[in-house]
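A quick write-up on the structure given underneath.
The values are calculated or read from the model by the stated rules, or taken from the named source; none is laboratory data. Because the structure is a prediction, the values reported are computed rather than measured. Virtual Cβ from ideal backbone geometry, glycine too; neighbours counted across all protein chains shown. Side chains included, ligands, DNA and RNA excluded: accessible areas come from the protein's heavy atoms. Shrake-Rupley method; radii C 1.70, N 1.55, O 1.52, S 1.80 Å.
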Amino acid sequence: MQYQTKFQSPLGELQLISDGSALTHLLYPNQHIENVKTKGDLPLFQKVTQWLEQYFEGNHPVIDFTLAPHGSDFQREVWDELITIAYGDLETYGNIAKSVGQKLGKPKMSAQAVGGAVGRNPISIIIPCHRVVGKDGSLTGYGGTIDNKIKLLEIENVDMSQLYRPKYSTKP
């Protein structure tokens, strides 16, 4: 059984989904999953909500709850790599590909394959896919919208002067 609660964030209403013991999804309004039983009183949801409140206040909270994103072995390997990107830091798809490739014993790993796995991250913000940029510093590929990626990086005080904002961003 899956359970959900909502969290009102500066980025809009986020949907938190749990299997009852672990967080399986943290989704933006444009990524909403239907037909999930609402149960806001799960202790897990209380911890995740506290984490999100701290994060949006500009703090770097510690993850003290279980994450259980569902995906292929490769996707989970990429998501595990994302969690190692420190608050306020950035990493490129290419560097993640090199690291994951080394762990999997593959001398060459496609940055595009990594990008596909990053794009399928079901636990946005907490598994920080917003901290991944193109090799030229471009703010590419964020399912929660580029504008939200920019807002998250600004919360983390990332120096935005060296990053390229795509034309389709609504920010100046």
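For this structure, a couple of remarks:
- For peptides 118-126, 52-60, sequence by mean Cβ density within 10 Å, most packed first: 118-126, 52-60
- Rg and Dmax [Cα atoms of the chain; Å; Rg one decimal, Dmax integer]: 15.9, 47
- In the chain, the calculated helix contribution to ellipticity at 222 nm averages -9500 deg cm²/dmol per residue, counting -39,500 (n - 2.57) for every DSSP H run with n ≥ 4.
- The stretch 34-76, accessible surface, carbon-and-sulfur percent (1.4 angstrom probe): 46 percent
- Principal axis extents of the Cα atoms in the stretch 71-154, from largest to smallest and rounded to whole angstrom, are 36, 27, 20.
- P(r) histogram, all alpha-carbon pairs of the stretch 1-55 included - 5 Å bins from 0, percent: 5, 22, 35, 25, 12, 2
- Taking every protein chain into account, the accessible area of the stretch 1-55 amounts to 50 square angstrom per residue (probe 1.4 Å).
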